[in-house]
Structure formats: structure tokens, C-alpha cells
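Undergrad: Take a look at the following structure, please.
The values are calculated or read from the model by the stated rules, or taken from the named source; none is laboratory data. Keep in mind it's a predicted model, so treat the numbers as computed, not measured. Quick reminder, even Gly has a Cβ in these numbers, built from the backbone with ideal geometry, and neighbours come from all protein chains shown. Protein only, heavy atoms only, side chains kept; ligands, DNA and RNA dropped before computing areas. Shrake-Rupley method; radii C 1.70, N 1.55, O 1.52, S 1.80 Å.
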Amino acid sequence: MPEPLRCVPPTALIAGWDFSTGSVKCLAFDLSGTVVAEVRLPTDLWTEGGVSELNLMQLEGQARASYRGIVTQLRHIGRQADWLAAGISATHHTAGRIDGYGNQIRRAICWNDQTLSKYHAVGLERLGGQDRVRELIGGPWAVRFSLSHLVKDEHTLPEENWVRTDLIQPHGPLAAGYLTGEFGVISISSAASTGMLDLRSGEWRREMLDALAEPGHRDAVWNSLPRLTDMAEPLGCVGEHLANEPAVRGGPRPFIFPTLDDQAAGLVGGGAVDAGQVAVILGNSAVVNSSSAMLPQSGNLDAMRLNWGPYLWMRCYSNGAQFLDKVVGAKPDWPALEKAARAVPPGANGTEVLPFVLAEPSIGVLAPRFEWVPDQPADAGVRVRAAFEALAYLIALAVQEHEAAGQTITRVTVSGGIARSELMGEILASVLNRPLERLVSTEGPALGAAVAALAGLETHLRRERGITESFTVADAVAAMVKFREPVSPRPEWVPAYQEGLRRFAARVSG
């Protein structure tokens, strides 16, 4: 039985921030996981020349504006005093440089920056390859990890900006800094996205900085890494600089708890905190995460560490909603498209599509390959059906990787914007030939951040009051994460999709 809350009052509201490369949202949840207030804001990225970069002055503005917005809504419904804590989810492997005042040295380089591959290759060679990396940190160093950004900095960042850098921080801890004024702290989850954390010990591994050419740069980075912290240690409260703005003067100052990488937040928001549980997140990227008591035994899955102890295994594809957008265009009529696609048989009348509008180096796709086979169909229903099938095949390849690396899968949950489609759920269940648990909430990362904050708040209060019984993230999941009816495979579709998956895998490897 889950451990009940003993210290957090039943009227408490817990917020979850989700800072992503597509948007920013702040959702206030009650303790049943129901949204009572929400704010959504856009994110604008710098993409000229194949990069993907986030201006940190925009991030500061997003933190301020989202706080103002959520306070205004809570005041309107008379619940501002109930807001006790908040957690933050932010884009994995996205990091920037700031000076001693929290001001930008350079924009945050994002996980999907298409220029990073060559710098990663250079740094990996200096380290002696992935086998040496696994010796140092317990898992592979993927292209998107922010250590690649530092190798790129040696080629692109003026020397005076190396000297001016006070801290190198990922997306989430930077957002937390703009909310609280505390920039110098990082969680295990966020640190695990850098490629510089030993996943086994939870400590920084200086030897990974040998990926950099200059000893002086290695020293500069080492001195710019933030302090690692426990998930139940609040980073602080929302700062007076926000709570005393004229629009919200005297606003609530909830505790802000250590941030989660968005993949970890999606895992928690998907209810997958026990070994063998898999969370599929179908958003801008398409992700297959699992929780495990051990590191992957083989293969090249990304491996990270969760704030509460276990490991996170991940296959993250850049091509999720970004691929679908190319297929359906701007502002599509989704009900009409889904109806048309449902009328198309499995296999989409022989139409297949490779969904790589961006490269996927993790599976050997080193350049964009957005290709229709045999030709792009004129019928919109066929296009959408084939696109859904391609995404389902991508997910299936990742699930197979998890199993090959030693994972015994006990449950698969699915969330994210694309998961709202009933047809997509049926196709994915049939391709995997297993039932899928579906969440009531489609806000996986924001909900996951709130769940972790609830666990942190209850644990923090128990420590203050001398209560020795533990309250875990799994206990918080039991309170806040709700499931609706599962989606089952369509038996009559399974044979066609087994063959379709075989063909798709052959095309990808070819």
C-alpha cells in the first residue's frame, strides 16, 4: 500500500513547470493530479545555420511571466495561499553559460542542435571511445549531451567568454535560478544529462573533461560546475524579486524543488517509477524511457540517473511531432484526418514513409531522410496512416533495444500530444502487440515535475518534524497520476504490422 501524506495538507496545490524548446507551461495541480490553473507561453529559438539555441534572457522572461500568470489565476479562484511547492521539468541536454549575476554569456545550446555531431566525434576520440566513457561514467556519451556543447565552445566561443563564465547550467537549473535567485545548485537528474556525471556514484567525473583540447578550458569547466543536491532539499522559495512585482505584489512564495530532466519528468508523469515500467512520450520528440535498478547491459541506449536513485534508460528520437507537422501542415483538421486515416487498412495501401526530417545518429541515420515509398500519396488519410505507422515502428525499435539491453518490460504507458489520437494508440498497441496504459493527463513532464515536488515537500517536512518513515516518488505517483482505460492491440492488424516493422527496420539500416 502506498504511504499516505502526513505533513502536506489535503488542500495543497503543487505546480509543475515544463520548460521546453517548443513552449513553456506552468500547471497547478491539486493532490489528485487535477489541473486547477495553467499558463502556456511560446518559446522562440535561434536556428540560423542549423543550430538550435535558446536566449537565456527569454528564459528569464518566461519564468517571470509564467509565475505572474499562475498567481493571477490562483488569486481569481481564491487558492493562492494553497500553493506550497513546485517542481521544474526542462529540456534534456540543453545548457547555457552565465556570469556571476545570472546574465547570459552565450545562449543555451539545445539537444537537437544539428551541428554537434562533428564536435562529439572529436571529443570521443580524445577520450578513447565509448568503452572508455562507460568506464568513467557507467553509460555512453551521446551527441546531444551538453559535454558536446563544450567541445563546440572550443571552436566557437571567444576566450574572454570562457573567463567570464561563472556557471555552466542546464535548462532546468537555469529556470530555477531565475525563479529563486539560486543558480549554483543542480539535481542528479539534470547533471546526468551533461555527460560529466558518474551515473553510479552520482558525482562529477573530471576525467570526462579530457574531451576538451585545452587544459585551461578543462579547469574552467570544472570550476564552473554547480553543486549537486538532494531531491528533498528545496532550492529556495520563489524570490522576492518575483513575488513583489506590482502585478502580483505579495504573491505566494512556494518552495522550488530540484529540477528534473524532461525525460525523467515524463517517466514519473507516466507513472513508470518501478523497474520494468516503460513510458512512451509522443511529443515534439518521440521517446521511450524505462526505469531500471541497473545500467543497460548492452547496446547504446542513453542512460541517466534519477533523483530518487534508479537509472533511466532512454531512446529519444528528434522526429516526433516535428515529423507529423511536415505531413499534415499547419493547423490541420485532426478529427477529419483521423477519420480518413481510420478508413485506410493497416499498411496504408502499401505506402511507407521514413520519418527523419532530422538526423537520428543514435540509430545510424546521419542525415535527414524524409522519404515516401513508393511515392507521396495524394490521399490525406493514407499519408496520416503511414505517418502514424512510421512513428509506431520507431517506438517498437526502441522497445526492442530496451529488451536487448536487459530490461524485462512489465508495463508500457503512453502520453504526450500525439497520444491523444485514439488511432495512434491502437496502431502502437498493435505494432508492439501489447496493451498500453493511457494517462488521464496529457501533461506528462509538468505532472511529473509536480509529483517529484510533492515527494520532496513531504520528505522535507518529515525531516523537519522527525518522522522517520519515508515517502517515495512512487507514493506521490499513487496520489497524483491517474490512468484511463487501456488500449489493446487489434489482433487483425498485428500480422501486417509485424511485417511492416521488419521492412521499416531494413529500410532504416539500409
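Undergrad: Among (1) crowded, with 23+ Cβ neighbours inside 10 Å; (2) in contact with a Gly (Cβ under 9 Å, 6 or more places away or on another chain), where does V440 come up short?
TA: Every listed condition holds for V440 apart from (1).
Undergrad: Same structure again: For segment 19-34, enumerate the residues that are modelled with pLDDT of 95 or more, touching an Asp or Glu at 6+ places or on another chain (Cβ under 7 Å) and open to solvent by 10 Å² or more (accessible area, probe 1.4 Å).
TA: Across segment 19-34, the qualifying residue is only K25.
Undergrad: If a residue has to be touching a strand residue (DSSP E or B) at 6+ places or on another chain (Cβ under 9 Å) and either closer than 13 Å to A286 by Cα or among the hydrophobic types (A, V, I, L, M, F, W, C) (or both) to count, how many in segment 397-410 make the cut? Give the derivation first.
TA: Kept after step one, since they are touching a strand residue (DSSP E or B) at 6+ places or on another chain (Cβ under 9 Å), are these residues of segment 397-410: 397-399, 401-402, 405-407, 409-410.
Filter once more, keeping what is either closer than 13 Å to A286 by Cα or among the hydrophobic types (A, V, I, L, M, F, W, C) (or both): 397-399, 405, 409.
Looking only at that region, the number is 5.
Undergrad: Among the residues of segment 411-443, how many are among the hydroxyl-bearing types (S, T, Y), in contact with a strand residue (DSSP E or B) (Cβ under 7 Å, 6 or more places away or on another chain) and closer than 15 Å to G320 by Cβ?
TA: Result for segment 411-443: 2.
Undergrad: Same structure, new question: Does segment 370-406 hold any residues that are over 23 Å from S421 (Cα atoms) and not in a helix (DSSP H, G or I), and which are they?
TA: Those that are over 23 Å from S421 (Cα atoms) and not in a helix (DSSP H, G or I): E371, V373, P374, D375, A405, G406.
Undergrad: Can you work out which of the residues in segment 303-351 that are of a type in the set (S, T, N, Q) and surrounded by fewer than 22 Cβ atoms within 10 Å (Cβ to Cβ) is farthest from D379 (Cα to Cα)?
TA: The selected residue is Q322.
Undergrad: Same structure, new question: Given the conditions (1) closer than 21 Å to A449 by Cα; (2) surrounded by 18 or more Cβ atoms within 10 Å (Cβ to Cβ), report the number of the one that R227 does not fulfil.
TA: R227 satisfies all of (1) closer than 21 Å to A449 by Cα; (2) surrounded by 18 or more Cβ atoms within 10 Å (Cβ to Cβ) except (2).
Undergrad: Oh, and also: When you scan segment 170-268 for helices (runs of 4 or more DSSP H) that lie fully inside it, which ones turn up with 3 or more residues that are among the aliphatic types (A, V, I, L, M)?
TA: Result: 171-180.
Undergrad: Sort out which residues of segment 135-147 are modelled with pLDDT of 95 or more and out of contact with any strand residue (DSSP E or B) (no Cβ under 8 Å at 6 or more places or on another chain), and write them in order of number.
TA: Result: E135, L147.
Undergrad: Among what's in segment 235-256 and is of a type outside the set (K, R) and under 18 Å from L454 (Cβ atoms), pick the residue that is nearest to the chain's Cα centre (by Cα).
TA: I256
Undergrad: Still on this structure: How many residues does segment 269-281 contain that are assigned to a strand (DSSP E or B), within 17 Å of P296 (Cβ to Cβ) and open to solvent by less than 10 Å² (accessible area, probe 1.4 Å)?
TA: Count: 2.
Undergrad: Hey, any hits in segment 148-163 for a residue that's of a type in the set (S, T, Y), within 17 Å of the chain's Cα centre (by Cα) and buried (at least 24 other Cβ atoms within 10 Å of the Cβ)?
TA: Here is the first cut: in segment 148-163, the ones of a type in the set (S, T, Y) are 148, 156.
Those still in the list that are within 17 Å of the chain's Cα centre (by Cα) too: none.
No, segment 148-163 contains no residue that is of a type in the set (S, T, Y), within 17 Å of the chain's Cα centre (by Cα) and buried (at least 24 other Cβ atoms within 10 Å of the Cβ).
Undergrad: Of these, G78, G177, which one is open to solvent by 10 Å² or more (accessible area, probe 1.4 Å) and either under 24 Å from the mean Cα position of the chain (by Cα) or not hydrophobic (A, V, I, L, M, F, W, C) (or both)?
TA: G78
Undergrad: Would you be able to say whether some residue in segment 287-298 is part of a helix (DSSP H, G or I), out of contact with any strand residue (DSSP E or B) (no Cβ under 7 Å at 6 or more places or on another chain) and open to solvent by 10 Å² or more (accessible area, probe 1.4 Å)?
TA: no
Undergrad: Return the residue satisfying two criteria in turn: it lies in segment 482-505 and is open to solvent by 30 Å² or more (accessible area, probe 1.4 Å) and under 15 Å from I395 (Cβ atoms), and of such residues it is nearest to the chain's Cα centre (by Cα). So that I can check it myself, show each step before the final result.
TA: We begin by selecting, within segment 482-505, every residue open to solvent by 30 Å² or more (accessible area, probe 1.4 Å); these are 482-486, 488-492, 495-496, 498-499, 502-503, 505.
Checking the rest, the ones that are also under 15 Å from I395 (Cβ atoms) come to 489, 498, 505.
Numbers: P489: 27, Q498: 29, A505: 25 Å.
Here the answer is A505.
Undergrad: Hey, among the residues in segment 180-195 that are in contact with a helix residue (DSSP H, G or I) (Cβ under 7 Å, 6 or more places away or on another chain) and buried (at least 24 other Cβ atoms within 10 Å of the Cβ), which one's farthest from D18 (Cα to Cα)?
TA: Top of the filtered list is G195.
Undergrad: So, of the residues in segment 311-366 that are acidic (D, E) and either out of contact with any helix residue (DSSP H, G or I) (no Cβ under 6 Å at 6 or more places or on another chain) or part of a strand (DSSP E or B) (or both), which turns out to be nearest to L260 (Cα to Cα)?
TA: E360
Undergrad: Which residues, taken from segment 415-468, are in a loop (DSSP other than H, G, I, E, B), of a type in the set (A, V, I, L, M, F, W, C) and farther than 22 Å from L235 by Cα?
TA: V440
Undergrad: Quick test for you: out of D113, D44, pick the one residue that is charged (D, E, K, R), farther than 30 Å from R132 by Cβ and assigned to a loop (DSSP other than H, G, I, E, B).
TA: Checking each option against the conditions leaves just D44.
Undergrad: Here is a follow-up. If D475 satisfies all but one of (1) among the charged types (D, E, K, R); (2) out of contact with any helix residue (DSSP H, G or I) (no Cβ under 8 Å at 6 or more places or on another chain); (3) outside any loop (DSSP other than H, G, I, E, B), what's the number of the condition it fails?
TA: So D475 meets the others, but not (2).
Undergrad: State whether one or more residues within segment 427-444 are at pLDDT 95 or above, farther than 26 Å from M294 by Cα, over 23 Å from the mean Cα position of the chain (by Cα) and of a type in the set (V, I, T).
TA: Within segment 427-444, one or more residues are at pLDDT 95 or above, farther than 26 Å from M294 by Cα, over 23 Å from the mean Cα position of the chain (by Cα) and of a type in the set (V, I, T).
Undergrad: Please determine, by comparing only the residues of segment 376-401 that are under 21 Å from the mean Cα position of the chain (by Cα) and over 13 Å from F504 (Cβ atoms), which one is surrounded by the most Cβ atoms within 10 Å (Cβ to Cβ).
TA: V399
Undergrad: Out of A247, A243, report the one residue that is open to solvent by less than 10 Å² (accessible area, probe 1.4 Å), more than 17 Å from V399 (Cα to Cα) and at pLDDT 90 or above.
TA: A243
Undergrad: Could you list, ordered by first residue, the pairs with Cβ atoms under 8 Å in which the first is in segment 120-144 and on the phi < 0 side of the Ramachandran plot and open to solvent by 30 Å² or more (accessible area, probe 1.4 Å) and the second is of a type in the set (A, V, I, L, M) and modelled with pLDDT under 95, at least 6 apart or interchain?
TA: V143/L116
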